[in-house]
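Laboratory data are not the source of any read-out in this text; all were calculated from the coordinates shown. On a predicted model such as this, the values are computed, not experimentally measured, just so you know. In this analysis, Cβ positions are derived from the backbone assuming ideal geometry, glycine residues included, and neighbour counts consider all displayed protein chains.
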Amino acid sequence: MKRIAIIGGGISGLSAAFALDEQRRAGGDVEYVLYESSPQLGGVLRTEHIDGCVVEAGPDSFITEKPWAADLCRTLGIGDQLIGSNDADRKTYILTRGRLVVMPDGLMFMVPTKILPTGLSPLFSWKTKLRMAGELFHPPGAVGHDESVAAFVERHYGAEMVDRLADPLLSGVYGGEAANLSVRAVLPRFAEMERTHGSLGRAMLAARKKMSAGPSRPAPPLFTSLKNGMQHMAETVVSRLTGSSLLTNTPVQAIQREAGGWVVSAGMQSDHFDGVVVALPAPAAAQVLRMASPELSAELGGVQYSSSITVGLGYDREVRRSLPPGFGFLVPRSEGRRLLAATFVHNKFPHRAPEDRALLRCFFAGVNAESVWAFPDDQIVGIVREELQEILGLSAEPLFARVYKWKSAMAQYGVGHLDRLDRIERLRQQLPGLALAGNGYRGIGVPDCVRSGREAAKQLVET
Ligand SMILES: Cc1cc2nc3c(=O)[nH]c(=O)nc-3n(C[C@H](O)[C@H](O)[C@H](O)COP(=O)(O)OP(=O)(O)OC[C@H]3O[C@@H](n4cnc5c(N)ncnc54)[C@H](O)[C@@H]3O)c2cc1C
């Protein structure tokens, strides 16, 4: 019988446990114990149901293009609960000199693929528009080293594009700044496009042409979520696992190699296993591995994380009528505000709010989150309301407000991240029976975390 410990009960650890449980049910000689420090399983997947609204404290959805989270839901038998974003109503605004300016049609991340909407948009100056035209002549060939997303985008489109689009779009995903994120880790497709085509614009147009030559299928929605919220996915995984294998309120202090296996120390208890899946944010993984491998621990500790705060606000029918159409807005840092983004949740997804309610999700991250971190919730709500009043003219009293703080939960893949992952992998291979999963490595989103958990479990079962 192979005994495996899983450390961390977020979606990465739960996915590893589910994969092991599948093995066990298929007759595999395997047993697992999952350790979770908090009273609750699911990690940052947390949903509250308030006044008929589905309020997401952590992630609100995942990108459809990455299949692993939706596949897990289907395997769990809750495929019918998956919902797609209302892409027909998709419209995102960028706060530009205090005004909300709609992102022009045809922009693929920051790459323009339609001349007219971008050419006429007040989002960019003439200087940037000329840069966009000139970018089409960018010669192929890659820079020989990794660089920041900001440096990469600036080389192609200039600094205004970094400020107005690349930085706000990425801070919504990583909670970090384009100047600190690695282009090779965060935008590998764009780095590859530069290598093969030179111009990102030309590469994007070529990709579109290729797609339109194939059989025409309706485009799937950009984002997927669950009718009753993201926590439903974690809860359903938990309901399929063996209850006695799940230890909540059990923080692991350390894991160490012993007699060809691993000893997991949690409080006064220690237990022996053949393998361990460490499914923790990288700094927490560094802590538990500090005695087993100081070198691996140092590398894991080098992956930076940022903190974030989400604020859910419910409003009445009048507010719903008064808000602009679309999914919400992003705020470039140069606007000098604390809020980084707000989503009009009632527009973005079905089943999120009754017809007579508006649901807003506001987002702070990085230094902006740190600057309000110590404030009591009502003060944070006060700041959000002040900013919403100035940006949207929204002065109504919310029907409810909730503040959710996430300390160091979002990984920042800094310049050189892929080299660090190679070093981490080499050090891990020196420790047989150890597998790593989670958002610190090859994808921060829920689908990548699910994939990482399943792969980690497979790795240990097969060795
Ligand atoms: C505010 C926010 C919004 C996000 N939005 C999106 C989104 O819209 N779409 C998307 O795809 N992704 C989003 N993400 C990213 C994604 O949700 C996370 O990367 C992913 O859920 C992380 O899962 P995890 O299991 O790896 O880590 P976590 O969920 O952080 O779970 C780790 C678990 O380990 C436990 N733990 C820590 N230390 C120990 C220890 N020593 N012993 C035992 N247990 C321990 C913790 O209590 C926690 O439960 C968002 C993240 C945040 C924070």
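Each Cα pair under 8 Å and six or more residues apart adds its separation to the average, and for the stretch 135-202 the resulting relative contact order is 50 percent. For chymotrypsin sites (Phe, Trp or Tyr not before Pro), the sites in the stretch 101-152 that DSSP calls loop and that have at most 11 other Cβ atoms within 10 Å are Phe137. Size estimate for the stretch 18-166 follows the Kirkwood approach: the inverse of mean 1/r over distinct Cα pairs works out to 20.3 Å. Report the Stokes-Einstein translational diffusion coefficient (µm² s⁻¹, integer) for the chain, Rh taken as the Kirkwood radius over Cα pairs, at 10 °C with viscosity 1.306 mPa s. The calculation lands on 68 µm²/s. Using the Cα coordinates of the stretch 330-463, the gyration tensor eigenvalues translate into equivalent-ellipsoid semi-axes of 39, 19, 13 Å, sorted from longest to shortest. Measuring gaps between exposed loop sites in the chain (GluC sites (Glu not before Pro); DSSP loop; at most 11 other Cβ atoms within 10 Å), the longest gap, sites not included, is 66-354.
If you take the Cα centroid of the stretch 58-90 and the Cα centroid of the stretch 185-236, the two points sit 15 Å apart. Distances between placed amide hydrogens fall under 5 Å for Gly414 paired with Ser182, Gln304, all partners being 5 or more residues away or on another chain. For the stretch 365-435, the convex hull spanned by the alpha carbon atoms encloses 155 Å³ per residue. Ranked for footprinting exposure by Cβ neighbours inside 10 Å, fewest first, Arg352, Arg361 give Arg361, Arg352. Rounded to the nearest 10 degrees, the angle from helix 188-197 to the longest Cα principal axis of the chain is 60 degrees. What's the whole-number percent of alpha carbon pairs in the stretch 236-295 lying beyond 17 angstrom? The answer is 46 percent, as a whole percent.
Cα centroids of the stretch 280-348 and the stretch 386-438: 6 Å apart.
Counting pairwise Cα distances across the stretch 103-252, what percent come out greater than 29 angstrom? Result: 35 percent of Cα pairs exceed 29 Å. Using only alpha carbon pairs under 8 Å that are at least six residues apart, calculate the relative contact order of the stretch 253-303 and give it in whole percent. Relative contact order of the stretch 253-303: 32 percent.
Computed over the stretch 45-130, the Cα gyration tensor eigenvalues convert (square root of 5λ each) into semi-axes of 35, 18, 10 Å, ordered from largest to smallest.
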